[in-house]
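S.K.: The structure that follows is given in the form of structure tokens.
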Amino acid sequence: LKEAQDEYVKALVYDPSSDAAFSGLADLGAKAGFTVVRHELLPPEGALGEAQEGRVPIALGPGHKEWIPYFLCKAVWRNEPSYRGRRLGKEGEGAYSWTVQEESECLVSYLVGNLSTTETEIASAAQKARPEAPPAEVPVEQVLAAAPPLTRHLKEAADAGLLPGYALFAVLGRRCPAAIAVLPDRAQEDLERYIRRFVIVPGGTTRPAGR
């Protein structure tokens, strides 16, 4: 079973969008005692507009406010060559192209922004309920429980140092899996580590599309 698992992991590294590999790994997990989970990254499409007179429009409905920090980060990366240059060196100063570093940074922006917003909302509600009580620190677990579902997974991936692996799995691997084959060995190793840590989960229930 271990050899079969390794083969499915290898298949997902080369093509994270492969439903056949995902399903095969899930079937194997039923025998080997693990399940598989795919944490989807689903930002609203068309939210980020083109720069106009130095401004970048971001169009998000009321139910998508969690994505504001993410798209603010994206707006800077896509429209500020000088910023890309500071982050990537000379290669970032030319025409815009997606990078793992950009995606990882914008995922951190999503994470930090939503943790901060949720903590503020909880603290504000507590203060209104008991205005006479002194402000109290909000436990991290309480914040994570109330934050958008993706926040918890990003926190876990960040703590494990695997946000680059998640970016490769959820973004590049889903949109352009052929590009995975030409990535440096280090990037493919990050992707494999992510799959083994967060896609393959002991016990639980297989979730082919989660957040």
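S.K.: Quick check: is even one residue across segment 82-89 among the small types (G, A, S), farther than 28 Å from V201 by Cβ, within 23 Å of the chain's Cα centre (by Cα) and open to solvent by 30 Å² or more (accessible area, probe 1.4 Å)?
M.R.: no
S.K.: Those residues that are over 15 Å from P43 (Cβ atoms) and charged (D, E, K, R), I need them from segment 133-176; list them, please.
M.R.: Initially, segment 133-176 is screened for residues over 15 Å from P43 (Cβ atoms), giving 133-147, 152, 155-165, 168-169, 173, 176.
Across segment 133-176, the qualifying residues are E137, E141, R152, K155, E156, D159.
S.K.: Is it the case, given these coordinates, that G165 is at pLDDT 95 or above, closer than 19 Å to Y110 by Cβ and surrounded by 13 or more Cβ atoms within 10 Å (Cβ to Cβ)?
M.R.: So G165 passes the test.
S.K.: Consider only pairs whose beta carbons are under 9 Å apart and that are at least six residues apart or on different chains; among these, list those whose first residue lies in segment 182-194 and is open to solvent by 100 Å² or more (accessible area, probe 1.4 Å) and whose second residue is assigned to a loop (DSSP other than H, G, I, E, B).
M.R.: R193/A160; R193/G161; R193/L162
S.K.: Here's another thing I want to ask about it. Could you check how many residues of segment 48-79 are crowded, with 18+ Cβ neighbours inside 10 Å and assigned to a loop (DSSP other than H, G, I, E, B)?
M.R.: 0
S.K.: Exactly one condition in (1) over 24 Å from R152 (Cβ atoms); (2) assigned to a helix (DSSP H, G or I); (3) open to solvent by 60 Å² or more (accessible area, probe 1.4 Å); (4) of a type outside the set (S, T, N, Q) is false for G24; which is it?
M.R.: (3)
S.K.: Let me ask something else about it. So in segment 93-126, with the set limited to residues that are assigned to a loop (DSSP other than H, G, I, E, B) and of a type outside the set (F, W, Y), which one is surrounded by the most Cβ atoms within 10 Å (Cβ to Cβ)?
M.R.: T99
The values are calculated or read from the model by the stated rules, or taken from the named source; none is laboratory data. Nothing here was measured: the structure is a model prediction, and the numbers come from that model. Counting neighbours? That spans all protein chains shown, and the Cβs are built from the backbone with ideal geometry, glycine included. The area values use the complete protein model at the heavy-atom level, side chains included, leaving out ligands, DNA and RNA. Shrake-Rupley method; radii C 1.70, N 1.55, O 1.52, S 1.80 Å.
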